[in-house]
1. If each residue's Cβ is checked for other Cβ atoms within 10 Å, how do Leu130, Leu41 rank with the fewest at the top?
2. Which of Asp46, Asp51 has the fewest other C-beta atoms within 10 Å, and how do the rest follow up to the most?
3. With each label point set 7 Å from Cα along the Cα-Cβ vector, what nm distance links Cys25 and Lys42?
4. Name the residues whose placed amide hydrogens come within less than 5 Å of the amide hydrogen of Gly31, ignoring near sequence neighbours (fewer than 5 apart) on the same chain.
5. Fully extended, how many nm does the chain gain between Gln4 and Tyr52 (0.36 nm per residue separation, minus their Cα-Cα distance)?
Amino acid sequence: MNAQQMVEALKQKFGDAVTGSKEQCGEHTIGVKLESVKQLLKYCHDELNFDYLVDISSLDHFHAEPRFEMVYELYGYGHHQHLRVKSLVSEDVSVPTVTDIWPTANWHEREVYDMMGITFDGHPDMRRILMWEGYPFHPLRKDFPLAGKESELPEVAFTGIAPLEGGPFVTSPGACGTVDAEPRAKRFET
């Protein structure tokens, strides 16, 4: 069975829960309502043999409702087919975890939570993975300013002695360009 046939089988099995599908450049994408996304993904794993969860990511459709979109990239090692599953998610709505289907979803879901603020019901360890605990923002949201947010943490790069001062590499603080400021081996006079 190829990916197109699998998409047709999913449409037949899940009916109105499927919100659409498309094929572009040989890649197949299927949209599904959030309340059916876990059932569809479990079916993809158990019945269609998508045994590898390549990635979970999310999109921020700022100023639209629903604001977010979950994207699951699936692959089957047995049949060598790829499938993308998308589901729209309103702000302040949790998404069901798929860690019980693919254990590798653990870190993917934590990253989505950390960067976008989307939570996952039933996740075994729902805490930040990149930013520190207590950080109040989600940096991949479109309303996060490009210059960043004010922080009470010190600027480590400008707080005094460089941690490797006197070591084999040196930096040129205040250099004109990034090339000159990059760490490089010391030049010893002979």
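Read-outs: derived from the displayed coordinates by stated rules, not from any lab. Note that the structure is predicted; figures quoted are calculated from it, not measured. Please note: Cβ atoms are built from the backbone with ideal geometry, for glycine as well, and neighbour counts cover all protein chains shown.
1. Leu130, Leu41
2. Fewest to most other Cβ atoms nearby, the residues stand as Asp46, Asp51.
3. 3.4
4. For Gly31, whose amide H was placed from the backbone, the distant partners under 5 Å are Thr19, Gly20, Ser21, Lys86.
5. 15.5 nm
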